[in-house]
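No value in this document is a laboratory result; all are computed from the given coordinates. Because the structure is a prediction, the values reported are computed rather than measured. Neighbour counts are summed over all protein chains in view; Cβ atoms, including those assigned to glycine, are modelled from backbone coordinates with ideal geometry.
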Amino acid sequence: MNKTPAEAGNFAKLLRERVTKEDSVEVLICPPFPALAAVASELAGSYIAWGAQNMHWETKGAYTGEVSAPMLQALGCRYVILGHSERRTHFGETDEVIANKLVTAVNCGLCPILCLGENLEIREAGKAVPHCLEQLKAGLSGIREGQPPSLVVAYEPVWAIGTGKTATPEDAVEVIKALREQVAEMYGEEFASQLRFLYGGSVTPESTPSFMNEEEIDGLLVGGASLNIDKFVTIIQSTAEIRGKSV
């Protein structure tokens, strides 16, 4: 919940000026709902994509204060973040709610970024991997084999978000490898190998190389550092230099 429409539009303008397709990475930003139109206006015609931070599972109806997938598409959104730890923690979103949203996003042609991760208590109990696997299976429970044509999974250890604590690349690889194996079991090896897994958890320009040097990690979900144009551009360019894949 940062940046007014004017501030977000100016940020998008600067980003478009400083990041080019030659950086060889996929870049997208997900501003708050009121800023989507301003961001879309600045990024139209560029290779930088934009998406939303959340959506409702119904496409229309008496759901005051909510936003639907068709509304997001009308603003040019290609992506939508679902199940972010803050939605789960602060707004009580359950695995069932997130699963319903994910089905709607896929059916409407949006690419969902499914977020999952464990808190510190679960991590210290040695249950991080089984916890994340259950979140993954629950989130994808409504998806049939062959679906979705596009999907991104973001592993975000809750204990490493805004706490000053940082997960190690080994922590992230352990969980992401298990998640990819679970997807292969559910949808086949080919789909699992193409699925992109991101790491998100206090990502900084300094920590980017250590995560992006891991083959198991396909990209980054950047939080606080993305609010600073210099830090965000550095993260993008560092990723491009190391991997040339996606952020």
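Some observations on this one:
- Within the range 51-83, being in contact with a Pro (Cβ under 7 Å, 6 or more places away or on another chain) and buried (at least 20 other Cβ atoms within 10 Å of the Cβ) holds for 80, 82.
- Members of the range 200-217 that are in contact with a strand residue (DSSP E or B) (Cβ under 6 Å, 6 or more places away or on another chain) and under 16 Å from residue 132 (Cβ atoms): 200, 217
- Sole residue being in a loop (DSSP other than H, G, I, E, B), farther than 16 Å from residue 25 by Cβ and either touching a Lys or Arg at 6+ places or on another chain (Cβ under 6 Å) or among the basic types (Lys, Arg) (or both), chosen from 177, 165: 165
- In the range 152-196, the residues that are among the basic types (Lys, Arg) and touching an Asp or Glu at 6+ places or on another chain (Cβ under 7 Å): 177, 196
- Just one of (1) closer than 21 Å to residue 111 by Cβ; (2) touching a helix residue (DSSP H, G or I) at 6+ places or on another chain (Cβ under 8 Å) fails for residue 218. It is (2).
- Flag for residue 172 being more than 18 Å from the chain's Cα centre (by Cα) and of a type in the set (A, V, I, L, M, F, W, C): no
- Single residue of the range 68-123 satisfying the filter (without any contact (Cβ under 8 Å) to a residue 60 or more places away in the chain and among the hydroxyl-bearing types (Ser, Thr, Tyr)) that is farthest from residue 176 (Cα to Cα): 68
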